[in-house]
Amino acid sequence: MSLVTCTRREFFFQVSAAAVLPWKSPVLDIHVHVDYSGRTNEQLLMHCDALGVKKGVLLPAEGSMRENPELSGNEACSTLMRAHPSALASLVNASVLPERAGPTARTSRW
């Protein structure tokens with residue numbers, strides 16, 4: 001096996017040239033949030049479609065992360081995933097803060 005060497009400039013040129021080639025493989029986006037910066041669910045789906053995402057994994061921002069989990073928490077993610085099962089999967093999230101009791105009960109329904 002021979003070692004291929006190139007300068008940093010040659011390496012970045014080759015990487016940037018490859019970046020403009022059409023991507024032919026399906027894309028799995030493993031970090032998708034609903035209500036990200038006020039984006040609607042329709043905008044989220046259009047964004048994924050434009051980037052060639054075949055499956056997005058929704059990550060709920062619930063508990064200590066957001067004060068309004070109804071916008072971006074477990075229920076919001078579950079509802080959107082059920083409406084678009086071929087495009088989305090979802091994880092669940094629970095706060096570990098003592099003042100938010102019952103994380104196991106909250107997540108077990110999803």
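What ranking do 76-84, 44-52 get when scored by the average of other Cβ atoms within 10 Å per residue, highest first? Write down the numbers at each step before the final one.
Working: 76-84: 16.9, 44-52: 14.1.
Averaged packing, sorted descending, gives the order 76-84, 44-52.
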Original post:
Can you list the HN-Hα couplings for segment 48-55, worked out from phi with the Karplus curve (6.51, -1.76, 1.60; θ = phi - 60°), rounded to whole Hz and with x for Gly and Pro?
Top reply: 4, 5, 5, 8, x, 6, 8, 8
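Here, each number is a calculation from the coordinates, and none is a lab measurement. What you see is a predicted model, and the numbers here were worked out from it, not measured in a lab. Ideal geometry is used to build each Cβ from the backbone, glycine not excepted, and the neighbour counts take in all protein chains shown.
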